């Protein structure tokens, strides 16, 4: 078991990932702030098939940033 901990301790992740969910207004506002803090798109934004009481569809935005 010690050898496994040693091996896993040597593996350092290069990126952290974050999935942001919100309506169009939230995405426009918050994704810009996140990108200014080093986050970048990690894939394609997609519209979820549910909506809030406002009727605006939910959007999923996958983001990643490099770990320093």
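For region 45-60, residues that are at pLDDT below 70 and either in contact with a strand residue (DSSP E or B) (Cβ under 8 Å, 6 or more places away or on another chain) or under 13 Å from residue 19 (Cα atoms) (or both) total 5. Could you tell me whether region 25-39 includes any residue that is on the phi > 0 side of the Ramachandran plot and in contact with a strand residue (DSSP E or B) (Cβ under 6 Å, 6 or more places away or on another chain)? Yes: one or more hits.
The values are calculated or read from the model by the stated rules, or taken from the named source; none is laboratory data. None of the values given here were measured: they were computed from a predicted structure. FYI the Cβ positions are ideal-geometry reconstructions off the backbone, even for glycines, and counts take in every protein chain you see.
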